[in-house]
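The values are calculated or read from the model by the stated rules, or taken from the named source; none is laboratory data. Given the structure is predicted, the values throughout are model-derived calculations rather than measurements. Heads up, the Cβs are rebuilt from the backbone with ideal geometry, glycines too, and the neighbour counts pull from every protein chain shown. Ligands, DNA and RNA are stripped out before the accessible areas are found, and what is left, the full protein with its side chains, is counted by its heavy atoms. Shrake-Rupley method; radii C 1.70, N 1.55, O 1.52, S 1.80 Å.
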Amino acid sequence: MHIKNFFLSFLILTIELTSNVQAAKFIRNEQTLSCLDRSFIPFSDKCSTITLTPCPTDRFQSFTESFEWDIIPVNSSLKNSPIIIKSDKFCLSALPNSNNINACSCDSAATNQQWILNNDGVLNNVDSGKCLGLVGDKVALGTCQAWKFYHVAPHAVNLYTSKEFTGKQEKLLVNTYTSKSLPAEIFSSAFSLEIPPGFEFIVNKSNNKVEIFESDIAQMSPIDSLDSIIIRLKPGMIIYEEPAYFGASKFMKVGPSELLQTMNLGSALVSEGFRGVFWSNSNFTGNNIGLFESIANFTGAPVDAKQLSVASLDISATACQNECGSSGTCSSDGTCACKPGFTGDRCERCLPGFFGATCQECNAKCNKICDDGLAGTGECKCNPGFTGETCNQCAPGFFGNKCEECQCGNGTCDEQGNCSCNAGFLLDPKNNRCMDCKEGFYKSGKECKLCAPGCGSCEAETGKCQCLPNLKSSDDGLCEPNPDLTCSPDEYFDTVSQLCFKCDPTCETCFGPGVGGCIKCQPSMVYLEGSCILLTQTTESKCSPSAVNQAFVIDNSKRTCVTCPSSCLDCSIPNFSEVSLIEEVQCTKCMPGFFLNNGTCVKNCPENKYADNTDFVCKDCDTSCASCKGPKGNECITCSNENFFALDGVCSSTQCPSGFIALNTTCTKCHSDCTECTGPEINQCTKCPPNRPIIKDGQCVEVCPMGTYADETGCQKCNADCSSCVGSRPDQCLGCSDQSKILLGGSCSGSCPAGSELIKSERLCQNLVTEDILPPEKTREDQKQDNYFNTSKGLEWWMVLLIVLGSILFLIISVMIMRCCAVRRRKKKTKEFGDQIDDNFVNDNLKTMLRNAREPSQPEMSHDPRPALRPHEIENPLNQRAAERHQKTMSISSDDYNKWKKKPTKSDKDWGGFNNIANAEGSNSGHRNSKRSIRSTNSISTKRSYNLPLNIDGSREGNWV
Ligand SMILES: *[C@@H]1O[C@H](CO)[C@@H](O)[C@H](O)[C@H]1NC(C)=O
Ligand SMILES: *[C@@H]1O[C@H](CO)[C@@H](O)[C@H](O)[C@H]1NC(C)=O
Ligand SMILES: *[C@@H]1O[C@H](CO)[C@@H](O)[C@H](O)[C@H]1NC(C)=O
Ligand SMILES: *[C@@H]1O[C@H](CO)[C@@H](O)[C@H](O)[C@H]1NC(C)=O
């Protein structure tokens with residue numbers, strides 16, 4: 001047979017590990033943290049008593065099997081189930097005619113051994129309806145109480161190759177698995193899953209369908225088409241009482257939550273992209289730690305002993321650029337999810353229609369409009385356009401059932417929205433508005449002013465008059481009869497007939513016939529839009545109380561009626577007499593939207609007045625206020641006395657209390673996230689409350705972001721060693737920048753002891769052989785470094801340099817010599833081997849090796865028909881586990897392996913020969929690497945499996961002889 005054929009096929013030799021840690025279930029009494037324990041009584045093989053004993057708490061200690069209970073479901077529903085003590089086949093039994101409960105030999109027909117498992121963990125005896133309970137401190141049938149099951153290793157999903165939690169058991173840690181890394185059985189037969197709280201078992205099917213499972217499944221249908229299976233933590237974290245993810249555990253999902261009972265902090269698994277803030281008090285106060293990554297051992301962590309218990313915690317995503325305020329929780333899409341009523345990037349303010357520090361909803365009566373916002377009072381406000389106590393009337397300026405806004409401009413609407421224009425304005429019927437001036441008026445600013453009588457037209461703004469043709473301009477800009485015409489003063493000249501005619505008797509002078517032709521009225525009369533009206537009262541300044549909006553006032557100097565000032569609906573001259581001046585005119589009623597202020601109409605009341613919405617008048621504040629919301633002394637906004645600050649509307653304090661900031665003589669409340677501040681915004685804090693003790697960029701936050709720690713001034717960068725930390729020193733880490741290092745206490749100086757590997761998702765070391773979890777030890781380099789620094793203390797720099805240079809020189813020379821020798825040796829060996837090699841010899845080698853391997857205990861062997869992983873698959877760390885699982889084919893116990901390894905037999909040399917052939921043939925380097933690891937005594941780099949290329953006389957499948 002050709003040599004090449006040896007390497008076309010090979011078997012993978014795997015040393016199977018005997019596992020000490022099993023996923024045992026304990027039945028735990030919640031109140032006393034104790035577990036059901038069977039007392040072994042010698043020679044009593046029928047029944048033995050049950051006691052309560054403190055539960056096993058340490059994954060590093062072995063525990064007695066008498067603790068371990070299995071629930072064997074009668075139905076797949078897990079409802080009626082005998083509870084069997086592990087391996088012993090003793091069943092939890094209610095004794096007939098007594099309250100005692102013992103562990104007795106199992107009898108599948110005995111109903112007194114069947115238990116009903118309720119959701120809350122209470123176990124009911126099928127027979128009597130009583131529960132597993134405590135009578136005194138003895139386990140007995142009694143009143144129902146809560147019991148709990150928990151697992152020794154609840155930090156992983158347990159996959160059983162058969163249904164009902166039987167068959168081979170695989171522990172699946174947080175990772176991605178492909179079909180190659182999973183037991184073959186799950187593709188052909190039903191299997192079962194134990195999924196601890198907080199874990200998700202995600203099946204990605206090849207047709208892109210995704211199924212997610214979150215709790216135990218007694219019977220899963222075989223998987224027909226698999227892309228991958230992902231074991232993942234749900235958003236949140238799982239905290240464990242004991243280090244190494246052991247003891248009682250609780251899954252805490254995103255959001256703030258209080259634990260009912262304080263829980264010790266032993267270790268925590270943190271879902272990626274999330275962080276937890278652990279508080280020692282139940283109200284999110286006390287000492288806190290921010291945890292951004294899983295931590296396997298809080299013992300010796302650089303935190304206060306007080307912080308090692310947790311009473312409340314707040315879990316959120318870390319994806320948000322802005323720190324969410326206390327009313328928000330960062331979600332994984334990078335935005336703050338706000339509590340109801342809140343809004344904003346950081347959930348820092350109330351939604352419209354919500355008010356107060358808790359952003360509660362406005363009273364339903366308010367129609368969603370109230371004095372809203374964090375500082376709001378919640379007082380109802382009507383929708384724009386509405387008014388009245390129940391907001392069922394139209395506010396001035398609004399009309400109709402829907403209280404639509406009046407669009408008249410310089411006029412008011414009636415119920416139907418028809419305009420009545422203010423005095424001097426002309427209704428434009430096309431668009432129902434009053435913008436232009438009617439005849440006889442000119443536009444001056446916003447007003448329409450009266451043209452002088454006798455003017456043919458007036459110039460806008462100035463009012464400059466073009467007198468009618470038969471009149472002449474006087475020196476004061478008015479019009480008067482032309483004296484060149486021969487008419488007398490009470491006559492007018494008619495241009496058509498060229499004759500003089502008498503004026504109307506109301507006129508003193510005129511330009512034409514009738515009441516409309518006056519230029520000047522008789523002394524007891526005033527001119528109003530072309531007519532002269534008789535004044536009945538000399539103390540009344542108003543010209544005509546007649547039509548809607550047509551308010552005119554007497555201008556004594558011109559004896560005419562003029563329009564009220566802009567935005568005025570009515571006006572008068574106070575204490576009117578013959579000598580009153582038009583300049584003394586005062587508005588008495590304003591257009592809608594304006595407030596009457598000292599005789600004028602204004603949009604906004606001046607500083608020291610407030611707008612009274614009942615009569616639309618600007619009214620005086622209390623004298624203590626410089627500005628106010630109302631007339632009372634507790635409605636001040638600012639104070640008139642500069643030494644006082646308005647606190648809750650009252651101007652009596654010379655200082656603002658804490659929680660307020662003095663701004664313009666007002667005590668403004670700080671944002672509810674701060675206790676002291678420079679302004680009302682969320683990022684203007686200067687002092688923080690105990691539930692958000694750290695100040696970061698002016699905002700009070702629970703903890704500093706990952707990679708930083710808090711000091712008095714804010715958040716500072718961690719030491720380069722730490723990925724997260726509690727202080728600046730390298731021994732204050734909570735996580736390591738170098739992912740191959742492990743926390744030892746608070747420093748990243750730990751590594752896995754020889755023969756164990758680091759489980760990255762858990763930051764734990766696991767023995768390759770026994771699967772025991774081992775505490776990390778100080779890395780070699782760290783020890784060396786310590787020594788180096790200790791010894792070099794006394795040395796001068798040049799001595800150190802000399803030593804270093806010397807070492808380098810020595811190294812170079814050594815390498816050159818070694819290379820030279822190695823090349824020569826390899827040439828020789830290759831030649832020797834080529835001379836010796838033949839098929840029989842190789843087969844002999846194989847047999848010898850296998851005999852050696854089997855000698856101590858004859859381990860089982862099998863062969864996996866599935867194709868081996870390609871080298872690149874093996875090198876990928878995610879697939880390493882895949883390779884391991886796939887390669888679990890031939891099993892030799894670890895002891896056997898070690899015995900075999902220690903024997904410096906002939907086979908050792910033989911393997912050397914294979915190695916050389918592999919090199920010479922340019923065969924796949926994956927084999928070579930594995931080969932190396934098996935030959936080294938200490939540095940085993942892959943877990944559980946050691947791959948050896950074996951020749952099986954050329955056939956693909958191969959057979960063991
Ligand atoms: C929080 O609880 C602690 C005790 O657990 C108490 O001393 C403290 O006053 C509480 N703080 C608040 C803000 O309720
Ligand atoms: C009144 O009319 C004037 C002139 O057309 C205009 O400038 C002003 O805006 C109008 N007032 C209102 C309230 O519409
Ligand atoms: C009110 O107006 C009158 C004249 O129109 C003026 O003399 C007086 O000072 C004003 N009062 C205030 C408080 O502005
Ligand atoms: C946890 O740390 C403590 C102190 O450093 C150590 O004694 C203990 O063995 C560690 N436990 C584990 C599980 O690593």
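Overview of values
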| read-out | value |
| --- | --- |
| Ranking by accessible area, most exposed first, for 442, 177 with a 1.4 Å probe | 442, 177 |
| Listed residues 576, 511 arranged by accessible area, highest first, probe 1.4 Å | 511, 576 |
| Largest-first ordering by accessible area, 1.4 Å probe, given options 712, 415 | 712, 415 |
| At R0 = 30 Å, FRET efficiency that the Cβ-Cβ distance of residue 205 and residue 318 yields, to 0.05 | 0.45 |
| Spacing of the two label points (7 Å from each Cα toward its C-beta) at residue 258 and residue 716, in nm | 3.5 nm |
| Inter-probe distance in nm under a simple model that places probes 7 Å from Cα toward Cβ, at residue 333 and residue 379 | 3.9 nm |
| Rounded accessible area of residue 381 (nearest 10 Å², 1.4 Å probe) | 100 Å² |
| Ordering of 178-186, 364-372 by burial proxy (mean other Cβ atoms within 10 Å per residue, highest first) | 178-186, 364-372 |
| Summed residue charge, Cβ within 11 Å of residue 385's Cβ, Lys/Arg positive, Asp/Glu negative | -1 |
| Hydrodynamic radius (Kirkwood) for region 443-500, which is based on Cα pairs only, to one decimal in Å | 12.5 Å |
| Environment charge at residue 683 (Cβ cut-off 10 Å; Lys +1, Arg +1, Asp -1, Glu -1) | -3 |
